[in-house]
Amino acid sequence: MMKRKSFALAAMAAAVHAAAAHAQLAAPAAMLPEVVVTGNPLGSELFELASPASVLQGTELFQRRGATLGDTLDGLPGVAATGFGPNASRPVIRGLDGDRIRILQNGAGILDASSLSFDHAVSIDPLVIERAEVVRGPAALFYGGSAVGGVVNVIDNRIPQAPVRGVTGRAETRFGGAGREKATGLVLEAGNGSFALHADVYTRDTDDLRIKGFARSARLRAADPQPVEAEGVLPNSASRSDGGAVGLSHTWARGYIGISRSGFNTVYGVVAEPDVTIDMQSSRWDLAGEVRELGRAIRSLKFKAGSTDYEHVELDAGVPATRFRNKGKDLHVEAVHGDIGPLRGAVGLQLADSDFSALGAEAFVPSTSTNAKSMFFFEELPLGNLRLTFGGRHERTEVGSEGGGNVPFGAVDLRFGAAQTRTFSGNSGALGAVWRFMPGLALAVNGSYTERAPTYYELYANGPHAATGVYEVGNSAFGKEKSKAVDIALRLQSGKHSGSISVFHNRFSNYLGLFDSGNTRGADGELNPADAGDGTSLNTGEEILPEFAYRAVPARFRGIEGEGRFRVFERGGTLDLLLSAGYVRADDHSTGQPLPRIAPWRYGAGVEYRRDRLSARVDATVFDGQNRVAAGELPTDGYTMLNATVTYRLPANGLRLEAFLRGVNLLNEEARNHVSFLKDIAPLGRRSAQVGLRGQF
């Protein structure tokens, strides 16, 4: 089965290698004065945070919702998306992805397999979320070493924290787009001021994505001609999903406590393989509470606890091939202490453990367990127009492998060796300052040091990974990944004008990355096998794959990003000018060679007009070509993405109704996301239109 399933990607990898050798000759979010809870346990406005952050909510979230979390957030300052086809996409922040980006749901960590492989979807559907907060840059202080690149926290109010009186709700439906999406979500809340009930349900169906031209890029077609080429439609990219939740909480003047049960189900095609689909289910329990005004020593105490049972099965022509499971628990406790003079602060504790298994013919990692315990503190010192913040975190992580014995029928898989456990003690710290040196202007500086324990796949991977068409090899001798980062931002907030510009530098002494080793492997692990002439081993008949090994290299990530909203006029209506730009440069510091899948320059401008019930917005974003590529990558051509949205608030008694019409890729460009592993076989969607309706009561 491995031979047939991974043939397409193996062929693509070989063609990319050959072509790469020959080749060697969005819309900014409005700056809102909202309190961001993700970047500061004390709560701060965006303007006051030392770390750069963005908030997406309300009408803008309604208009931008995509089928995946990555697509929904793509285009925020510093944020891109992995884009393994239209159904699996994680956020990428400042060039960092995977387990360096911490994804939270209502402040609690999600447990799925999305960081293990690009084809694994995030187990959150954007349809029912109310708000998304994105912290760009290291946030390991509050959320552990896996937040060295940033944090995404989605908030859905499944455990109501404030009193609810009567019945409220919202419903949303949308149709169209390049995937002919049909999606509907319903959220209801009811309460008597003391007890509150939340319920939500959603469903989403998409067809195969319509594209401009061929699925495979011109460079790939030239390097690897095929007799039949997919054109106009991206094969095996359809999906269907549904889910929902029920939550109950008790609220009172000084706090709340509540519980919720939620489920997420999806079945979608793996674009890289025409006969492979993923059938995914995730269910979780959440418990959360907070008590305020406890006393002088401890002012408030809050906690969040979650338990997740995740599973997905990869089906090859309808037959189960590999089963992935992840079961785990997470507990986060924070206490805000009483003021010590002008000093305000909080201390916290976090406990997390998970058990992961991948069983089947194509498992490339053994069954593993990860257990992490950590403590942190955070302090804030206001000094007039200057606000200082500082804190630290200690984390102890155990990552264990069951070795090669945990495979079907009691067989022994020698690739995974003997059972072993690695233990890591990590320390992280951060120091920040926000200086309001003029009315409406502030300078924010944030520096941090982070230590991250390697993940189970960085340590123990040893097998063919069908999703990427390579043979992955980990290194169980890895030490902690260490990095130092600094971010400097200038912020504007004056009347109807707002904006920011940031420069950042993140330096890793031992960045753990997956690199082409130059070797090949048979699917059974045979090193540099002789080729029988058809891409299979002469000795065993197994398919031959390029070997990619995790290595620790000194690496630098540096760049600049900016956004702005400026009021042009107010004459019966308002007209705002929107500007955005972003750039990341990442390389192996020892050799100067580029790191893979780094987004090119992106810059854009737009206008938004509002009058009474009507709003209209047009955005043009230019993506430069990316010619600075890593070994095994092909360059990507530039393109311009032109989008437009018209929203109208319908008159309705006691009900707020909004309808929108959105046009995407109006220039009908052949657009390829360089951040995507599949950029050369899966372009973005062609020109399309989508309509939607949202009601609130």
- Query: Carbon and sulfur together cover what percent of the accessible area of the chain at a 1.4 Å probe radius?
  - Reply: 58
- Note on the structure: Going residue by residue through the stretch 535-546, the Karplus relation 6.51 cos²θ - 1.76 cosθ + 1.60 with θ = phi - 60° gives ³J(HN,Hα) values, rounded to whole Hz and with x marking Gly or Pro, of x, 10, 5, 5, 7, 10, x, 6, 5, 8, 10, x
- Query: Order of 492-501, 425-434, 595-604 by packing, highest average Cβ count within 10 Å first?
  - Reply: 595-604, 425-434, 492-501
- Message: Show me, for the stretch 555-565, the HN-Hα J-couplings you get by feeding each phi into the Karplus relation (A = 6.51, B = -1.76, C = 1.60, θ = phi - 60°), rounded to Hz, glycine and proline as x.
- Response: 9, 10, 10, 9, x, 9, 8, x, 8, x, 10
- Note on the structure: Non-local residues with an amide H under 5 Å from the amide H of VAL92, with H modelled 1.01 Å from N and Pro and chain starts lacking one, are ALA80, ALA81, THR82
- Message: With every protein chain kept in place and ligands, DNA and RNA left out, what is the accessible area per residue of the chain? Probe 1.4 Å, answer in Å².
- Response: 39
- Query: Which of ILE103, THR540, HIS337 sits closest to the plus end of the dipole of the chain, meaning its Cα is farthest towards the positive end, when Lys and Arg get +1 and Asp and Glu get -1 on the C-beta?
  - Reply: HIS337
- Message: If you filter the stretch 231-303 for GluC sites (Glu not before Pro), then keep DSSP loop positions with at most 11 other Cβ within 10 Å, what is left?
- Response: GLU293
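If you build the Cα gyration tensor of the stretch 537-685 and take the root of 5 times each eigenvalue, what three semi-axes come out, in whole angstrom, biggest first?
Values: eigenvalues 368, 86, 36 Å².
Largest first, the stretch 537-685 gives 43, 21, 13 Å.
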- Task: Collect residues whose amide H, placed 1.01 Å from N in the peptide plane, falls under 5 Å from the amide H of ARG299; neighbours closer than 5 in sequence don't count.
- Result: VAL336, HIS337, GLY338
- Would you kindly derive the ³J(HN,Hα) couplings of the stretch 657-663 from the backbone phi angles with the Karplus curve 6.51 cos²θ - 1.76 cosθ + 1.60 (θ = phi - 60°), listing them in order in whole Hz, with x for Gly and Pro? 10, 10, 10, 9, 10, 10, x
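Which pairs in the list LYS329/LYS679; LYS302/LYS484; LYS182/LYS327; LYS304/LYS327; LYS304/LYS496 are over 28 Å apart, alpha-carbon to alpha-carbon? Each step should come with its number before you reach the end.
Numbers: LYS329/LYS679 35 Å; LYS302/LYS484 30 Å; LYS182/LYS327 31 Å; LYS304/LYS327 17 Å; LYS304/LYS496 37 Å.
Exceeds cut-off: LYS329/LYS679; LYS302/LYS484; LYS182/LYS327; LYS304/LYS496.
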- Message: How much of the pair distance distribution for the chain lies past 50 Å, counting alpha-carbon pairs only, in percent?
- Response: 9
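Ordered by packing density, taken as the mean number of other Cβ atoms within 10 Å over each peptide's residues, highest first, how do 679-687, 569-577, 520-528 rank? Walk me through the intermediate numbers first.
On the way: 679-687: 21.8, 569-577: 12.7, 520-528: 18.6.
So the order, starting with the most tightly packed, is 679-687, 520-528, 569-577.
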- Only Lys, Arg (+1) and Asp, Glu (-1) charged, at Cβ; the stretch 479-539 dipole about Cα centre in debye: 860
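The values are calculated or read from the model by the stated rules, or taken from the named source; none is laboratory data. Computed from a predicted model, the values in this text were never measured in an experiment. Note that each Cβ is placed from the backbone with ideal geometry, even for glycine, and that neighbours are counted across all protein chains shown. To get the accessible areas, we keep the full protein, side chains included, count just its heavy atoms, and leave off ligands, DNA and RNA. Shrake-Rupley method; radii C 1.70, N 1.55, O 1.52, S 1.80 Å.
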